[in-house]
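Undergrad: First, the structure itself, so that you have it in front of you.
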Amino acid sequence: MGNVATRKRPGCHHTARSDENEEEEDGPARKRLGLQKIIQKMNIRSKHHKLAFKSRLQKLKNCRPHLKRRTYKVEEADPRPPLPRFIVDDYDNYEKPETANRKEFAIPWFEHLFLPEFPTRSVINEKSFILERQLGRGSFGVVYCASAIHDSERKFAIKMQEKREIISKRAVLQVKREASIQRLLPAHPFIARTYSTWQTRTHLYSLLQYPTGSTGDLFSIWRQRGSLSEAAIRLIGAELASAIDFLHRNDVIYRDVKLENVVLDQWGHALLIDFGLAKKLKPGCSTGTICGTLQYMSPDVASGHTYSHYVDWWSLGVLLHILLTGIYPYPNSEATHHANLKFIDYSTPIGCSREFANLMDRMLAVSQTHRLCSFTVLHAHPFFRSINFSKLEQKDYTPASEIGNAEYDTYQQNDETLDDALFKENYDFDRFDYFNDRF
Ligand SMILES: Nc1ncnc2c1ncn2[C@@H]1O[C@H](COP(=O)(O)OP(=O)(O)OP(=O)(O)O)[C@@H](O)[C@H]1O
């Protein structure tokens, strides 16, 4: 302690250091000039007085160092190094920073490209987990189930995407948008959370919520078990409706509701994953990119006109229709282009409850004036009347107990079954739209 006090007290053995500092900061010439001016002003003539004054002034300065005049070199803040222009068709077309400017880029361009959504230095990284098994494959990589090194009980999903693939498919903005939307979203019981994102030289990583004791995605469950009971569809449908409404209230349009993008936990609760086509969109605003999965695409998207959040309700209608009947509502299983989608020959499912039939008629009506286009209307629909949505969000219901009690299998072997369907996943008409605001 004594040392510390002495160190702080000026005029002791630290004087020399203090002088040094002063010389560094003010410069010896300036110091001398300052004293001489003061001596002149004060009209001190005798040599003896001058010396005494100098030494007193010096002591005073040493005792009150905070009063010393300091000359700080205030440099203008460096402008941020120019960002590389995102003309990213592929590695070759990428406009790399000129070699002369290379020093300005502390990190290589292919890391810079994915900043700030995927930080290069992250406390959580791939070394913090043990990859256990593959959960699925996406367009740019693989999703693994992983456990934390220090807590093997805790499971996560880790999405590992190859940068090379992303760049060559010109989807840089898409993956960055996906990460930022997912990370900024508040927590919701039926939407998979993104806990962290980071990058290495070759890969992008996203640490995602893994549904406890997951039983897989809805598509594989539907394939294994066939049609679901109306009771199960009601609960899963209500959970997804709650998630979609939450996204819309947070100014996000999802645009890819489909069986493959819903995973279930051991109690059958739904978790919406894959925000690859999601976009920030304020209420009342519209967008125009033709994207989504063809078989779930609403007539508004397919027409090429602008559309808004309501297109997600159409896709949910298609999903619920498939869960009960096993077929697409419209004859589009073979479609490979949005212009070939047909919105004719719809028939109300038979053999189901009147409420469900009516819900399908409303959700899948081509005419927007007849279509169910909002959560408020869905919430009040007789099919969901028995659901208390507050309780639902508290996970008071258990959909798993209802899954497998199917009473509706008349359509199972129809020509239009999903098994035969030619999937065009994440269809988008013009990938270039990822690079402008229209997307
Ligand atoms: N959080 C998760 N929990 C459990 N399984 C998951 C999770 N995220 C993804 N999966 C599994 O991995 C598969 C691929 O994931 P996802 O669709 O997110 O990848 P993607 O690269 O975005 O693919 P896409 O080509 O559909 O955009 C999913 O179908 C699902 O089976």
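The values are calculated or read from the model by the stated rules, or taken from the named source; none is laboratory data. Since we're looking at a predicted model, the values are computed, not measured. Counting neighbours? That spans all protein chains shown, and the Cβs are built from the backbone with ideal geometry, glycine included.
Undergrad: Out of curiosity, is A238 assigned by the TED database to the domain that holds L378, within 14 Å of the ligand (Cβ to nearest atom) and of a type in the set (A, V, I, L, M, F, W, C)?
TA: Judged against the criteria, A238 is not a match.
Undergrad: Can you go through A192, A187 and tell me which one is outside the structural domain of D265 (by the TED database), closer than 27 Å to D251 by Cα, in contact with a Lys or Arg (Cβ under 8 Å, 6 or more places away or on another chain) and aliphatic (A, V, I, L, M)? Lay out the reasoning, then the answer.
TA: Values: A192 fails: in contact with a Lys or Arg (Cβ under 8 Å, 6 or more places away or on another chain).
One residue alone meets the criteria, A187.
Undergrad: Now for a separate question. Starting from region 365-392, keep only residues that are assigned by the TED database to the domain that holds V311 and closer than 16 Å to E355 by Cα, then list their pairs with residues that are among the charged types (D, E, K, R) and not in a helix (DSSP H, G or I) whose Cβ atoms are within a distance under 9 Å, requiring at least 6 positions of separation or different chains.
TA: From residues that are assigned by the TED database to the domain that holds V311 and closer than 16 Å to E355 by Cα, the pairs are A365/R371.
Undergrad: Something else now. Evaluate region 303-316: report whether one residue or more is assigned to a helix (DSSP H, G or I), in the same structural domain as A380 (by the TED database), at pLDDT 95 or above and over 25 Å from Q209 (Cβ atoms).
TA: Checking region 303-316: at least one residue is assigned to a helix (DSSP H, G or I), in the same structural domain as A380 (by the TED database), at pLDDT 95 or above and over 25 Å from Q209 (Cβ atoms).
Residue-wise test of (1) among the small types (G, A, S); (2) assigned to a helix (DSSP H, G or I); (3) at pLDDT 95 or above.
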| site | (1), (2), (3) |
| --- | --- |
| A335 | yes, no, no |
| K342 | no, no, no |
| S347 | yes, no, no |
| E355 | no, yes, yes |
| L359 | no, yes, yes |
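Undergrad: Just to be sure before I move on: is H269 surrounded by fewer than 22 Cβ atoms within 10 Å (Cβ to Cβ), at pLDDT 95 or above and within 15 Å of the ligand (Cβ to nearest atom) in the structure I sent?
TA: Yes, satisfied.
Undergrad: Please verify whether G292 is closer than 20 Å to A365 by Cα and within 16 Å of the ligand (Cβ to nearest atom), treating the condition exactly as stated.
TA: Numbers: closer than 20 Å to A365 by Cα: yes; within 16 Å of the ligand (Cβ to nearest atom): yes.
Answer is yes for this residue.
Undergrad: Can you tell me which residue among L319, L264 is surrounded by 20 or more Cβ atoms within 10 Å (Cβ to Cβ) and closer than 15 Å to L364 by Cα? Talk me through it step by step, then tell me what you get.
TA: On the way: L264 fails: closer than 15 Å to L364 by Cα.
When all the criteria are applied, what remains is L319.
Undergrad: Same structure, new question: Name the residues in region 173-182 that are surrounded by fewer than 19 Cβ atoms within 10 Å (Cβ to Cβ) and closer than 14 Å to Y205 by Cα, would you?
TA: Looking only at region 173-182, we keep the residues that are surrounded by fewer than 19 Cβ atoms within 10 Å (Cβ to Cβ), and these are 173, 180.
Within region 173-182, S180 is the sole residue that qualifies.
Undergrad: Moving to a separate point now. For region 150-161, does any single residue satisfy the condition of being in contact (Cβ under 8 Å) with a residue 12 or more places away in the chain, closer than 30 Å to W109 by Cα and touching a His at 6+ places or on another chain (Cβ under 7 Å)?
TA: Taking every residue of region 150-161 in turn, at least one turns out to be in contact (Cβ under 8 Å) with a residue 12 or more places away in the chain, closer than 30 Å to W109 by Cα and touching a His at 6+ places or on another chain (Cβ under 7 Å).
Undergrad: State yes or no: is Y307 crowded, with 20+ Cβ neighbours inside 10 Å, within 13 Å of the ligand (Cβ to nearest atom) and hydroxyl-bearing (S, T, Y)?
TA: No: the conditions fail for Y307.
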